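The values are calculated or read from the model by the stated rules, or taken from the named source; none is laboratory data. Quick caveat, the model's predicted, so the values are computed rather than measured. No Cβ is skipped: glycine too gets one built from the backbone with ideal geometry, and neighbour counts run over all protein chains shown. Please note that ligands, DNA and RNA were not included when accessible areas were found on the heavy atoms of the full protein model with its side chains. Shrake-Rupley method; radii C 1.70, N 1.55, O 1.52, S 1.80 Å.
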Amino acid sequence: MSAEASLNLYITAIHPCPYLPGRQAMNLLVDPCYRMTAELYARLLESGFRRSGADVYRPHCKGCSSCVSSRIPVNEFVPDRSQRRNLKRNSDLRVVVNRNGFKPEYDELYRQYISRRHFGGGMDMDSTATFASFLLTHWCTTVLVEFYEGDSLLAVAAVDELKNCLSSVYTFFAPEAGEKRGLGTYAILWQIEQARRRGLPYVYPGYWIAESSKMRYKTRFQPIEGLVNGNWVALATNL
């Protein structure tokens, strides 16, 4: 039986697609009144669900299946030449794993990131409290991984720690340093290595969308799998 079979699921109202301009989107939403647990959420990840704050959802768009849930098999992953250069380039960074929640100093870094990378997408209007609630939830452990150059905070990656995987929630970084260093890529490489050290089989980096320039990068982490028609299959780099 699938993880969602015994849950009440609701279909959200139609809203503009956050990934593909001009398209409309809907989500399947797990009943917000249901007592979610980290164990159940780990199973729901296997069925293509993700979370936004405490809300657990899966895209359910009429006539569109562009959002493909993805996962990286940790023990099979081998960094390519570009990723090896990325690891070397960022080897000077100091990494701090924050388990104590959202820090006020994250807000300015987030504002810089949104204004450069996603201006006008809606999240630039979020308050600090709204953004923090999007990253965190009360029913699973989320760490906020900080990447420093000296004493300067360059990036933060929110990562859910689950029994059988790590799941990326969101990464934001100082725009200029992030683009120069490839900090989005480095954050995923760091998570893959952490999962390997812990003996976890997968890292879930989120939805892969071939038509979106901001979301198609995930197939660079080979081998990567996508949930297609209910089955986890290999996603090729040229898709």
Residue ranges of strands (runs of 3 or more DSSP E) in the stretch 4-66 with at least 2 members open to solvent by less than 50 Å² (accessible area, probe 1.4 Å), of a type in the set (Lys, Arg) and modelled with pLDDT of 95 or more
50-52
In the stretch 164-197, residue modelled with the highest pLDDT [restricted to those that are farther than 22 Å from Arg81 by Cβ and charged (D, E, K, R)]
Arg197
So which residues in the stretch 218-229 are open to solvent by less than 20 Å² (accessible area, probe 1.4 Å) and more than 19 Å from Ala157 (Cα to Cα)?
Thr219, Ile224, Gly226
Restricting attention to the stretch 87-129, which residues are among the polar types (S, T, N, Q) and modelled with pLDDT under 90?
Ser115, Ser127, Thr128
I need the full set of residues from the stretch 132-182 which are assigned to a strand (DSSP E or B), among the aromatic types (Phe, Trp, Tyr) and open to solvent by 20 Å² or more (accessible area, probe 1.4 Å), in order please.
Tyr148, Tyr170
If you go through the stretch 161-171 one residue at a time, do you hit one that is over 17 Å from the mean Cα position of the chain (by Cα), closer than 21 Å to Ser115 by Cα and in contact (Cβ under 8 Å) with a residue 24 or more places away in the chain?
no
Could you say whether any residue in the stretch 198-217 is more than 16 Å from Leu235 (Cα to Cα), modelled with pLDDT of 95 or more and exposed (fewer than 14 other Cβ atoms within 10 Å of the Cβ)?
yes
Are there any pairs with C-beta distances below 8 angstrom linking a residue in the stretch 196-220 that is without any contact (Cβ under 8 Å) to a residue 40 or more places away in the chain to a residue that is β-branched (Val, Ile, Thr) and open to solvent by less than 30 Å² (accessible area, probe 1.4 Å), with the two at least 6 apart or on different chains, and if so which?
Arg216/Ile209
What are the residues in the stretch 206-239 that are closer than 16 Å to Val78 by Cα and assigned to a strand (DSSP E or B), if any?
Ile224, Glu225, Ala234, Leu235
For the stretch 67-86, give me the residue count where each residue is open to solvent by 70 Å² or more (accessible area, probe 1.4 Å) and assigned to a helix (DSSP H, G or I).
5
Conditions first: (1) touching a Pro at 6+ places or on another chain (Cβ under 8 Å); (2) within 16 Å of Gln112 (Cβ to Cβ). Pro175 passes all but one, so which condition is the exception?
(1)
Is there any pair linking a residue in the stretch 222-236 that is without any contact (Cβ under 8 Å) to a residue 24 or more places away in the chain to one that is surrounded by 11 or more Cβ atoms within 10 Å (Cβ to Cβ) and of a type in the set (Ser, Thr, Tyr), with Cβ under 8 Å and at least six apart or on different chains, and which?
Ala236/Thr219
Can you say whether Leu153 is touching an Asp or Glu at 6+ places or on another chain (Cβ under 9 Å) and modelled with pLDDT of 95 or more, as far as the supplied structure shows?
yes
